[in-house]
Structure formats: C-alpha cells, structure tokens
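A quick write-up on the structure given underneath.
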Amino acid sequence: MDAMDIGPALRALNLNPTLELIGKMGGTKKRGEKKVKLDEFLPIYAQVKKEKDMGCYEDFLECLKLYDKEENGTMLLAELEHSLLALGEKLDRDELDDVFKDCMDPEDDDGNIPYAPFLKKMMDNMIVINH
C-alpha cells in the first residue's frame, strides 16, 4: 500500500492515531513517496494499538462536554467550528465543511448542535482527513 494510506488504514481498523504518530510510523503526506508491504504494516498496527496518545469516543465526548454550558447535550456550533479550525491537529475550511456536511445535524435557533450524535457519526464514518 502507499505510505500515505497508513493513517486511513489504521483508522479503518478502529484506531485514532494523530498525524504526528502516523508520520513517526512511516506515513507520508504525498502519494507515491513510499510503499509499505503487509509484513511492514502489521508491526505499525501493533505499535499504534499500544499508543496511549489515541482518543476514543468517550475521550472525545468528555472534551465536548466542556463546551456544554447548559449541560443538555448541546454546544455552540461556532465553538466546535473554532476548535476544529484552531486547536490541535487543525482542519482547513474545506475539510471542516466536508466533516459538517457528512456528520452534522442542523443547528437550533440559538446556534447549538447536539454534539454526541455528531461525534458518533464522525467516528462511525471514520472521516479521513488527509493533510
């Protein structure tokens, strides 16, 4: 497989490696730079599976709860948007629009969205962000 596909392959196997970890494991940002054989990928999978850096649904849900000011399962869409564009492994506008199009329920009149369904859809769809 192309080394650019290491991240998507790990995500398809229910892992959530960071871009930094994918790079450390030999992932590339451009197609055609490097190939990885199955016998090379299996140790990568085993190593990434052991990593403590990866988040799971419950970890991400706890983070989003920090933005739930009403404690009713919703948060401001603008805050989620800002977080995804500005914090951690930042998305660009096109990536964010794709994620929202595929996973976002409509916001209410106050600009809030239910964050648990968004997160579940995002993780179930295993949206792959290529940088």
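Each reported figure results from applying straightforward, stated rules to the coordinates on display, with no laboratory input. Bear in mind the structure is a predicted one, so any value in this text is a computation, not a measurement.
Structure notes:
- Taking the C-alpha atoms only, the angle from helix 115-125 to the longest principal axis of the chain is near 30 degrees.
- Sequence-distant residues sharing a close amide H with residue 112 (under 5 Å, placed H): 77
- Once the Cα atoms are used to define both axes, helix 93-103 deviates from the longest principal axis of the chain by about 70 degrees.
- In the elastic network of the chain, a GNM with C-alpha springs shorter than 10 Å, the most mobile of 69, 29, 90 is 69.
- Using bins of 5 Å that start at zero, the share of Cα-Cα pairs per bin across the range 3-50 amounts to 5, 24, 38, 25, 8, 1, in whole %.
- The GNM of the chain, with springs linking C-alpha atoms under 10 angstrom apart, assigns the highest mean-square fluctuation among 70, 81, 89 to 70.
- Taking 24 Å as the straight-line reach from the Cα of residue 101, the lysines in range (excluding those fewer than 8 positions away in the same chain) are 65, 90, 120, 121.
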